[in-house]
Amino acid sequence: MSSKQVVRPKIRGYICVSAHPEGCAAHVREQIAFVKAQPGLKDGPRSVLVIGASTGYGLASRIAAAYGSRAATLGIFFEKPSENARPASAGWYNSAAFETQARADGLWAKSLNGDAFSDEMKARAIALIKREMPKLDLIVYSLASPRRVDPKTGIAHRSVLKPIGEPFTSKTLDTDRHEVGQITLAPAEPGDIANTVKVMGGEDWEQWMDALDQADLLATGCTSVAYSYIGPKVTWPVYKNGTIGRAKEDLERAAKSIDALLKLRRGRAFISVNKAVVTQASSAIPVVPLYIALLFKAMKARGTHEGCIEQAWRLFSTQMYNENFLDFDDARRVRLDDWEMRDEVQHEVFAAWPGITTENLEALTDYAGYQAEFLKLFGFGLPNVNYDAEVELEVPILPA
């Protein structure tokens with residue numbers, strides 16, 4: 001079969017199982033253009049490892065570091081190349097496009113594709129960094145995976161999206177059927193919390209930092225950041241107070257441990273709590289798509305709406321690399337969700353919440369904006385891309 005095809009979006013539930021190579025490349029170039037239009041970072045990073053670098057906040061962080069500071073970047077991810085005349089994953093096309101553009105712009109950029117949780121991937125990354133990069137002055141941890149094999153035990157753990165203690169019922173948006181309805185989630189079963197913490201908690205971040213430390217690859221003044229989300233109270237039963245919330249608590253525990261390690265080198269580690277955006281991960285969380293559709297309407301009206309690249313740039317330019325200290329909350333987290341959580345924004349969202357129905361969804365929310373952002377994740381709906389033309393599916397990522 002030909003490796004050139006016309007590619008259309010194929011949506012199943014909350015995921016799109018196709019991706020458009022030229023559309024993904026256009027999306028990456030769009031983010032690069034945004035950073036290029038900003039003032040450069042003063043004393044920004046020079047040698048950067050991004051663990052979970054192919055989509056969302058991880059990709060945005062890589063772009064911000066590379067184009068805001070001309071940093072050398074190594075990206076770690078687990079993505080699928082094209083095979084059997086099927087498109088590659090969106091993250092594959094994103095990473096190929098980033099590397100191609102970065103190298104054309106004279107930037108050092110390489111990637112490793114595989115299981116970031118494994119000891120093998122850590123060893124591969126360490127060998128490459130030792131061979132080709134200065135000591136790391138920034139490590140971004142941005143993994144979002146439903147499954148992790150513990151490298152020490154060989155046991156596979158799966159994360160779940162469940163409340164704890166009792167069922168949770170709420171209004172939600174079925175993005176497949178474009179219908180507003182109700183959903184009831186059964187509470188976590190024995191073992192669900194521990195498994196979710198194993199996958200989405202801070203243990204792997206700690207293992208990466210310990211491995212890099214033992215290999216003497218952490219520069220003086222090194223920074224490490226991981227991303228989290230808290231959200232509004234309506235999502236707390238399934239998020240903040242649910243199984244994922246327990247994992248995020250463990251991520252904060254790990255941040256304190258890693259911060260103590262980096263302080264030995266006059267460095268720091270912290271959690272950045274980011275705003276709600278459309279990502280492959282957030283689309284899977286019940287209640288969240290409806291909340292995002294309302295949130296986008298409220299924030300766009302105020303001119304405060306941000307996507308991943310705007311959030312990443314604000315973190316880099318106003319928090320990590322400026323002349324002031326990091327602006328922490330009481331739990332020592334940077335709060336990039338500050339504009340989202342403003343009283344007037346939250347009031348508008350939840351004043352509208354009870355009255356949202358399938359019939360008025362389009363009128364009372366920015367569901368159209370949500371859908372557009374969702375499709376853009378997979379390379380669809382970008383301007384100046386001919387979606388009626390055949391495109392080459394086999395796009396290589398240059399070997400590291």
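For A125, are the conditions met, namely being in a loop (DSSP other than H, G, I, E, B), in contact (Cβ under 8 Å) with a residue 40 or more places away in the chain and either more than 25 Å from C16 (Cα to Cα) or not aromatic (F, W, Y) (or both)?
no
Which residue pairs have Cβ atoms closer than 6 Å, lie 6 or more positions apart in sequence or on different chains, and pair a first residue in region 322-351 that is under 12 Å from Y291 (Cα atoms) and touching a residue at least 40 places away in the same chain (Cβ under 8 Å) with a second residue that is of a type in the set (A, V, I, L, M, F, W, C) and part of a helix (DSSP H, G or I)?
V345/A298; E348/A298; V349/L294; V349/L295; V349/A298
Every residue in region 42-87 that is assigned to a loop (DSSP other than H, G, I, E, B), on the phi < 0 side of the Ramachandran plot and either touching a residue at least 60 places away in the same chain (Cβ under 8 Å) or aromatic (F, W, Y) (or both), please.
Answer for region 42-87, where residues must be assigned to a loop (DSSP other than H, G, I, E, B), on the phi < 0 side of the Ramachandran plot and either touching a residue at least 60 places away in the same chain (Cβ under 8 Å) or aromatic (F, W, Y) (or both): K42, G44, P45, R46, A53, T55, A71, F78, P81, S82, P87.
Might you let me know whether region 274-292 holds any residue that is without any contact (Cβ under 8 Å) to a residue 60 or more places away in the chain and either among the charged types (D, E, K, R) or farther than 30 Å from A363 by Cα (or both)?
No, because not a single residue in region 274-292 is without any contact (Cβ under 8 Å) to a residue 60 or more places away in the chain and either among the charged types (D, E, K, R) or farther than 30 Å from A363 by Cα (or both).
Check whether at least one residue in region 255-272 is assigned to a loop (DSSP other than H, G, I, E, B), closer than 25 Å to R342 by Cα and not charged (D, E, K, R), and report yes or no.
Taking every residue of region 255-272 in turn, none turns out to be assigned to a loop (DSSP other than H, G, I, E, B), closer than 25 Å to R342 by Cα and not charged (D, E, K, R).
Of (1) more than 23 Å from R29 (Cα to Cα); (2) without any contact (Cβ under 8 Å) to a residue 60 or more places away in the chain; (3) outside any helix (DSSP H, G or I); (4) not aliphatic (A, V, I, L, M), E120 satisfies all except one. Which?
The failed condition is (3).
Looking only at residues in region 260-280 that are surrounded by fewer than 18 Cβ atoms within 10 Å (Cβ to Cβ) and among the charged types (D, E, K, R), which one is farthest from F328 (Cα to Cα)?
R265
Quick check on region 12-27: of everything there that is of a type outside the set (D, E) and part of a helix (DSSP H, G or I), which residue is surrounded by the fewest Cβ atoms within 10 Å (Cβ to Cβ)?
Restricting to residues being of a type outside the set (D, E) and part of a helix (DSSP H, G or I), the top hit is A26.
I'd like the residue in region 69-95 that is within 19 Å of S18 (Cβ to Cβ) and among the hydrophobic types (A, V, I, L, M, F, W, C) and, out of all such residues, is surrounded by the fewest Cβ atoms within 10 Å (Cβ to Cβ).
Result: A85.
Being under 30 Å from D150 (Cβ atoms), of a type in the set (S, T, N, Q) and in contact with a helix residue (DSSP H, G or I) (Cβ under 6 Å, 6 or more places away or on another chain), is that true of even one residue in region 22-37?
Checked region 22-37: no residue is under 30 Å from D150 (Cβ atoms), of a type in the set (S, T, N, Q) and in contact with a helix residue (DSSP H, G or I) (Cβ under 6 Å, 6 or more places away or on another chain).
Going by what's in this entry, would S159 be described as in contact (Cβ under 8 Å) with a residue 24 or more places away in the chain, within 30 Å of D366 (Cβ to Cβ) and buried (at least 16 other Cβ atoms within 10 Å of the Cβ)?
Yes.
Coordinate-derived values only; no laboratory data. As the structure is a computational prediction, the values presented were derived from the model and not from experiment. Because the Cβ atoms are built from the backbone with ideal geometry, glycine has one as well, and the counts that use them run over all protein chains shown.
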